[in-house]
Amino acid sequence: MAKEILTLASMCGGGVQERINRALAKISDNILDPNTEEKKKRVLSVKIELTPSEDDREDVVVDISTAYKLAPEIGLKTQLFVQKDLNTGEISITEHAKWQIKGQLTLDDLGMSLDQEKVQPREELAEELGCDPDTGELLEQPQEDHGKVVNLRAANGG
């Protein structure tokens, strides 16, 4: 009878090798994940405990465990803009887009969305802005008497 040589690949019917392969696959996925730091170490530990029997030293109980440590996901950061509408008192919080300047309005905010379902009719928008719908020129506004003191509270309806 040929003497069988014990290897990690043959232990537990190949179960040890299978666990190592599974852990290496998870470590590989973690290394390739762009949401983790590329320079962080990943660790794979294989622990083999051999306990000889008290009665017969030839009989040995073996406990095998694998453990791995992956790099954690990189934290996410953003900036929020908190504003209060002075007319309604409503407070809103919006997230800054990377390319957007604090307080900058988007076309959607002005009713000029590129999304055709959100587009405000040109005539309606021109009237709201006080300009000609075809040319975009400002329409003449009635001149007010600049010699009078204006009560801003009354002008705003408050």
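The values are calculated or read from the model by the stated rules, or taken from the named source; none is laboratory data. Only a predicted model underlies this, so the values are computations on that prediction, with no experimental measurement involved. Cβ atoms come from the backbone with ideal geometry, glycine included; neighbour counts cover every protein chain shown.
Under the condition of being surrounded by 10 or more Cβ atoms within 10 Å (Cβ to Cβ) and without any contact (Cβ under 8 Å) to a residue 24 or more places away in the chain, the residues counted in the stretch 50-66 number 6.
Going through Ser10, Ser28, Ser53 one at a time, which residue ends up being hydroxyl-bearing (Ser, Thr, Tyr) and modelled with pLDDT of 95 or more?
On the way: Ser10 fails: modelled with pLDDT of 95 or more; Ser53 fails: modelled with pLDDT of 95 or more.
The conditions single out Ser28.
Given the condition touching a Leu at 6+ places or on another chain (Cβ under 7 Å), modelled with pLDDT under 90 and among the hydroxyl-bearing types (Ser, Thr, Tyr), answer yes or no: does some residue in the stretch 95-117 qualify? So far as the stretch 95-117 goes, yes, one or more of its residues are touching a Leu at 6+ places or on another chain (Cβ under 7 Å), modelled with pLDDT under 90 and among the hydroxyl-bearing types (Ser, Thr, Tyr). Residue-level check: of (1) surrounded by 12 or more Cβ atoms within 10 Å (Cβ to Cβ); (2) touching a Lys or Arg at 6+ places or on another chain (Cβ under 9 Å); (3) not in a helix (DSSP H, G or I), Asn30 misses just (3).
Of all residues in the stretch 1-54, those satisfying the criterion of being among the basic types (Lys, Arg), touching a strand residue (DSSP E or B) at 6+ places or on another chain (Cβ under 9 Å) and under 30 Å from Leu76 (Cα atoms) are Arg22, Lys26, Lys41, Arg42.
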